[in-house]
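Note sheet for the following structure.
Nothing in this text is a laboratory measurement; each read-out follows from the coordinates by a stated rule. Model, not experiment: these values are computed from the prediction. Cβ coordinates were reconstructed from backbone atoms using ideal geometry, including for glycine residues, and neighbour counts include every protein chain displayed.
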């Protein structure tokens with residue numbers, strides 16, 4: 001449960017209401033895989049505070065870690081002088097996350113679908129498939145160096161993984 005507000009009614013009774021204010025955060029972290037630890041914990045903790053299910057928390061955890069590793073490894077090319085920006089908003093209905101690196105970007109259409117033919121034996125595209133399968137909205141920015149992801153509370157995903165190449 002989120003923060004509680006104590007409210008005293010006119011007749012003197014005291015009751016508590018959960019805060020409906022969204023939880024927001026923005027951070028810029030070093031471009032190294034371990035730097036996701038604190039922002040990820042903050043996001044998952046805020047989701048629990050807003051009453052998201054274990055399935056929702058698991059899905060977002062997987063997507064955030066995958067997006068971050070892609071930003072560090074593929075976007076910033078493991079350059080320790082670059083950074084990754086993480087912005088998030090969590091309310092009672094959904095979690096929205098933007099992750100952006102300082103790389104040159106890429107064309108999502110250039111990544112082969114890992115579920116087809118010879119691609120079954122190649123490593124490319126599996127993380128993108130997972131993120132699109134676990135998030136309700138999974139989009140790239142125009143430059144291709146950032147993702148926007150949304151997961152709605154307790155809502156099934158339809159068309160798992162259909163957004164592999166954007």
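So how far, in whole Å, is the C-alpha centre of the range 108-139 from the one of the range 21-56? Answer, in whole Å: 24.
Inter-label distance, residue 20 to residue 115: 3.8 nm, where each label sits 7 Å from its Cα along the C-beta direction.
Please state, as a whole number in µm²/s, the translational diffusion coefficient that the Stokes-Einstein equation yields for the range 20-152 at 37 °C and 0.692 mPa s, with Rh defined as the Kirkwood radius across alpha carbon pairs. Estimated diffusion coefficient is 217 µm²/s. Using the Cβ-Cβ distance between residue 34 and residue 141 with R0 set to 22 Å, the FRET efficiency works out to roughly 0.35. Between residue 69 and residue 158, the contour length at 0.36 nm per residue exceeds the alpha carbon distance by 29.5 nm. FRET efficiency for the pair residue 106 and residue 62, taken as 1/(1 + (r/R0)^6) with r the Cβ-Cβ distance and R0 = 30 Å, rounds to 0.90. Taking the fewest neighbouring Cβ atoms within 10 Å as the starting point, the ordered list for 138, 58 is 58, 138.
Ranking of 135, 78 by neighbouring Cβ atoms within 10 Å, starting from the fewest: 78, 135.
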